[in-house]
1. Filter the range 201-245 down to residues that are farther than 18 Å from Phe80 by Cβ and of a type in the set (Gly, Ala, Ser), then give me how many there are.
2. Exactly one of these conditions fails for Gly33: (1) over 30 Å from Thr213 (Cβ atoms); (2) open to solvent by 40 Å² or more (accessible area, probe 1.4 Å); (3) not polar (S, T, N, Q). Give me its number.
3. Return the residues of the range 90-101 that are touching a Leu at 6+ places or on another chain (Cβ under 7 Å) and open to solvent by 10 Å² or more (accessible area, probe 1.4 Å); say none if nothing qualifies.
4. When you go through Ala30, Ala10, Ala40 one by one, which is the residue that is over 25 Å from Ile118 (Cα atoms), assigned to a loop (DSSP other than H, G, I, E, B), at pLDDT below 95 and not aromatic (Phe, Trp, Tyr)?
5. Given the residues Thr219, Thr238, which is the only one that is in contact (Cβ under 8 Å) with a residue 60 or more places away in the chain, of a type in the set (Val, Ile, Thr) and in contact with a strand residue (DSSP E or B) (Cβ under 9 Å, 6 or more places away or on another chain)?
6. Among what's in the range 75-89 and is touching a strand residue (DSSP E or B) at 6+ places or on another chain (Cβ under 9 Å) and closer than 23 Å to Asp194 by Cβ, pick the residue that is most open to solvent (accessible area, probe 1.4 Å).
7. Would you confirm whether or not the range 111-121 contains a residue that is touching a Gly at 6+ places or on another chain (Cβ under 7 Å), assigned to a loop (DSSP other than H, G, I, E, B) and surrounded by fewer than 18 Cβ atoms within 10 Å (Cβ to Cβ)?
8. Identify, from the list Met259, Met233, the residue that is among the aliphatic types (A, V, I, L, M), over 21 Å from Arg50 (Cα atoms) and touching a Ser or Thr at 6+ places or on another chain (Cβ under 8 Å).
Amino acid sequence: MAARRTEPVAAAGFTLLELMIVVSILAILAGIGVPQYVSALRTARIGKARHELVTMSHAIDAYAASNAGRWPLTLHQVGFGGRRDPWGVPYCYLNYADGTGDGLHWAIEVGLVDPSAIVGGGGGGSGTVSGGAAGGLGGETGGASGSLGPRRAGFVPWPRPRRPRAIVQDEVQLLSGRVGAARDTAATVLGKLDREVLSTEADSLVTSIAASTGFSMFTDVPTEATRRRDRYMFPLNTDYDLFSLGPNGRTSVSLGEIMGQDDVIRANNGGFFGLASDY
């Protein structure tokens, strides 16, 4: 009986043409999907920045209502010290009345503010501070009326009663040291103001400094040169500036310049929150 012949089986696989078709399809999908994803991510971040600006603005307004119309000297006083926008850059705040604020490094870069305006240091803060006022803030210090009030447990959490006494004593000493340093830093800040300071303002500043792990703020800011303006050079606000530098992390005084168009801003004294290009 003759042996049966078998034909060799061809190896299975993709042809070069098939691979080229698949690669082309993937390239088309990437070309459509990636820009849409980037656009959606940018829109989401702008929305988040806008929401956070609204929240901070409400906190600032509530602070002023509780302090005879005085705006906070720093965002630290309203619980937003060192807060960063969705692009990782600190939010910018400028108190027009006192020339103080936060996140104004952009103004240093363009030569509007001297680097010595930064008060703070430690942690994530910039610059240094020398605990300026000898004797703390008792009595009148640089326009501050009265003392900063007694040291309160609200500066940092007190230890629980059930913990060992030695640990409690150590933490009390640490608390005392932090409050003392906070009072000195507050004296440096308040000594730069040309007005009488309310005791509630001074207390809130000490509290916020003592509770911060990286306190940093700006003082002696020339407000007329630094306040932000629209494309027609009218001020965006008459009370205070509050904004995000946007995706490019840069800005300018006038929104008519291209660098400021992607900023997320507060304007019309809180009547507008959104992209500078839409204002």
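1. So the answer is 2.
2. Of (1) over 30 Å from Thr213 (Cβ atoms); (2) open to solvent by 40 Å² or more (accessible area, probe 1.4 Å); (3) not polar (S, T, N, Q), only one is false for Gly33: (2).
3. Asp98
4. Ala10
5. After applying the criteria, what remains is Thr219.
6. So in the range 75-89, the residues touching a strand residue (DSSP E or B) at 6+ places or on another chain (Cβ under 9 Å) come out as 75-76, 80-87, 89.
Filter again for closer than 23 Å to Asp194 by Cβ, leaving 75-76.
Numbers: Leu75: 3, His76: 27 Å².
So, considering only residues that are touching a strand residue (DSSP E or B) at 6+ places or on another chain (Cβ under 9 Å) and closer than 23 Å to Asp194 by Cβ, the one most open to solvent (accessible area, probe 1.4 Å) is His76.
7. yes
8. Testing whether each residue is among the aliphatic types (A, V, I, L, M), over 21 Å from Arg50 (Cα atoms) and touching a Ser or Thr at 6+ places or on another chain (Cβ under 8 Å) leaves just Met233.
The values are calculated or read from the model by the stated rules, or taken from the named source; none is laboratory data. Computed from a predicted model, the values in this text were never measured in an experiment. Counting neighbours? That spans all protein chains shown, and the Cβs are built from the backbone with ideal geometry, glycine included. Surface accessibility is based on the protein's heavy atoms, side chains included, excluding ligands, DNA and RNA. Shrake-Rupley method; radii C 1.70, N 1.55, O 1.52, S 1.80 Å.
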